[in-house]
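*Asks:* Structure provided below as structure tokens; questions to follow.
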Amino acid sequence: MRVITGLAKGRKLKAPEGLDVRPTADGIKEAMFSAIQFEIEGSVVLDLFAGTGQLGIEALSRGAEKAVFVDSSRESISYVRQNLEHVGFTDKAEVVNMPNTAFLRSCTKKFDIALLDPPYERRLIQKSLPALTKLMSERGVIICEHESTLKLPEQVEDFVVTKTKKHGKIGVTIYRRMTDEEE
């Protein structure tokens, strides 16, 4: 697992051994970030199910101003902190060890980009989206990585699916805020 491009390009990131962690493959990560390449610079990013922090770190490497990493696992948070230190982004990061639902209820920040890659088959994306939409900026974009068989809702609050792509067993769904013309 490595950072694909930007300031930390090629830097390897640490991850626990075993099947508990499912790092995003480089090709899928590239597809996710290509879809938002012109929106990353100066953005505030939320890596909601952070795991090792690789998605938020990729955003920081590509020019995001700040990233908030949230995970309920202490072990995952330890990896996020190690990886942030390794790539030199600790000053641009906030790391939160808290369940996603509690974070979404208590957070008062606004995010430009939200990256969701939760454990599969637990309906965590569907449960998180309604509260998450309230934390998104006007130009907000939500990117969800999930099993390709999962069909996410076409609309959540004032966010609509603008792109869905399957990459083998992995699916990526992108939500954006509806414009006045789309209503």
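*Asks:* Read through the list (1) touching a residue at least 12 places away in the same chain (Cβ under 8 Å); (2) out of contact with any helix residue (DSSP H, G or I) (no Cβ under 9 Å at 6 or more places or on another chain); (3) polar (S, T, N, Q), then give the number of the only condition that residue 61 fails.
*Replies:* The single condition residue 61 does not satisfy is (2).
*Asks:* Next question, about the same structure. Among the candidates 162, 101, which residue alone is outside any strand (DSSP E or B), free of Cβ contacts under 8 Å to residues at least 60 places away in the same chain and open to solvent by 50 Å² or more (accessible area, probe 1.4 Å)?
*Replies:* None of the other options fit; the residue is 101.
*Asks:* Condition check: at pLDDT 95 or above and more than 22 Å from residue 4 (Cα to Cα). Does residue 73 satisfy that?
*Replies:* No.
*Asks:* Is there a residue in the stretch 105-116 that is closer than 28 Å to residue 6 by Cβ and assigned to a helix (DSSP H, G or I)? First the steps, then the outcome.
*Replies:* Looking only at the stretch 105-116, we keep the residues that are closer than 28 Å to residue 6 by Cβ, and these are 107, 109-116.
Imposing the further condition that a residue be assigned to a helix (DSSP H, G or I) reduces the set to none.
So far as the stretch 105-116 goes, no, none of its residues is closer than 28 Å to residue 6 by Cβ and assigned to a helix (DSSP H, G or I).
*Asks:* Among all residue pairs at least 6 apart or on different chains, which show Cβ distances below 8 Å where the first residue, located in the stretch 31-53, is touching a residue at least 24 places away in the same chain (Cβ under 8 Å) and farther than 22 Å from residue 90 by Cα and the second is among the basic types (Lys, Arg) and part of a strand (DSSP E or B)?
*Replies:* So the pair list comes out as 31/165; 35/163.
*Asks:* What pairs come out if I take residues in the stretch 113-132 that are over 17 Å from residue 56 (Cβ atoms) and pair them with residues that are charged (D, E, K, R) and open to solvent by 40 Å² or more (accessible area, probe 1.4 Å) whose C-beta lies under 7 Å away, six or more apart or interchain?
*Replies:* 130/157; 131/105
*Asks:* Quick check on the stretch 51-85: of everything there that is of a type in the set (Gly, Ala, Ser) and open to solvent by 10 Å² or more (accessible area, probe 1.4 Å), which residue is farthest from residue 117 (Cα to Cα)?
*Replies:* Going through the qualifying residues, I end up with 63.
The values are calculated or read from the model by the stated rules, or taken from the named source; none is laboratory data. All of these numbers come straight from a predicted model, not from anything done at the bench. Glycine also receives a Cβ, built like all others from the backbone with ideal geometry; neighbour counts cover every protein chain displayed. SASA here: full protein model, heavy atoms, side chains in, ligands and nucleic acids out. Shrake-Rupley method; radii C 1.70, N 1.55, O 1.52, S 1.80 Å.
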